[in-house]
Amino acid sequence: AAAAAAAPFSLREVLDAFRRCVTEQREVLLEPYLSGWRGLIRFLQSLGAVFSFISKDAVAKVALLEGHQQQHGFVSLQSLVQHELAAGPAALRARSDSGCRTVLRLHRALRWLQLFLEGLRSGEPRTSVLCTDAYNASLAQHHPWVVRKAATVAFCALPSRDAFLEIMNVGSQEEAVAMLGEAIPYIGDVYSITQELFTQHKLLDLP
Ligand code: 1PX
């Protein structure tokens, strides 16, 4: 049967989306932001079923944001925040389906990504250690014990660094490491602009 082979995809294009996010006015564009997340999720799904409880949550969050984006025509994170804040901070805090609280979850995960990619680039061969350290320094403090436990168990199923650089599909190990070096600052940029935006509007602790 002519099974549709999954298009080979490179992590280069995925990470490139985060470069396209930031405008000259230092706005974060939603379209490339969500497209970057969709690519990361696809990558995570290709790592196996052990990670599906993580990818399912990420898929739901991206879908929620796509819905808000389509409904209101938001172009940037800034316009989404402006729009939701207009109802007042109390109303925003009371909503469990707000774009802001959902972005905040992805934002914290983006910090994990930044730290994890820095670790991969550094040469440490034990990806589970890299992943656990990155997680403990970012998302873990926002997760209850049972989620932390499940995440830590899943991290043990991560492929080795060599295999990881391979499946990124960017070329040789050297090329993969060089690509990471180029991409990480763009991710850092998206992270710090969002962090500033959420700090400014006191949204960093949205329940
Ligand atoms: C070369 C590297 C590429 C690797 C790509 C991997 C993309 C990872 C995408 C992870 C997105 C995780 C979003 C988590 C958001 C979150 O914190 N959700 C929790 C809170 O949500 P709520 O709506 O209830 O307030 C929710 O409880 C999440 C549950 C699932 C477990 C989350 C564990 C996150 C671990 C992060 C890293 C995993 C990637 C490992 C493989 C490389």
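The values are calculated or read from the model by the stated rules, or taken from the named source; none is laboratory data. What you see is a predicted model, and the numbers here were worked out from it, not measured in a lab. All Cβ positions, even for glycine, are placed from backbone atoms using ideal geometry, and neighbour counts span all protein chains on display. Ligands, DNA and RNA are stripped out before the accessible areas are found, and what is left, the full protein with its side chains, is counted by its heavy atoms. Shrake-Rupley method; radii C 1.70, N 1.55, O 1.52, S 1.80 Å.
For the reader, a short list of remarks on this structure follows.
- Using the Cβ-Cβ distance between LEU44 and ALA90 with R0 set to 30 Å, the FRET efficiency works out to roughly 0.25.
- At q = 0.20, 0.27 Å⁻¹, base-10 log of I(q)/I(0) for the range 60-125 (Debye sum, equal scatterers on each alpha carbon): -0.80, -1.19
- Net charge over other residues, Cβ less than 10 angstrom from the Cβ of ARG26 (K, R count +1; D, E count -1): -4
- Taken over the Cα atoms of the range 40-97, the convex hull encloses 89 Å³ per residue.
- Bridgeable aspartates and glutamates around LYS149 (alpha carbons under 17 Å apart, same-chain partners fewer than 8 residues away excluded): ASP57, ASP133.
- Of all aspartates and glutamates in the structure, those lying under 18 Å Cα to Cα from LYS61, and not within fewer than 8 positions of it along the same chain, are GLU31, GLU84, ASP97, ASP205.
- Using just its DSSP H runs of length 4 or more, each adding -39500 (n - 2.57), the chain gives a mean residue ellipticity at 222 nm of -22500 deg cm²/dmol after division by all residues.
- Average accessible surface area per residue within the chain, 1.4 Å rolling probe, Å²: 51 Å²
- A Förster radius of 35 Å combined with the Cβ-Cβ distance from ASN136 to GLU24 puts the calculated FRET efficiency at roughly 0.45.
- Environment charge at LYS61 (Cβ cut-off 13 Å; Lys +1, Arg +1, Asp -1, Glu -1): +2
- Viscosity 0.890 mPa s, temperature 25 °C, Stokes-Einstein D of the chain from Kirkwood C-alpha radius, µm²/s: 137 µm²/s
- Environment charge of LEU180, counting only residues whose C-beta is closer than 9 Å and scoring Lys/Arg +1, Asp/Glu -1: -1
- If you wrap the Cα atoms of the range 149-207 in a convex hull and average its projected area over all directions, you get 6.0 nm².
- Relative to the longest principal axis of the Cα atoms of the chain, helix 145-155 runs at roughly 30 degrees.
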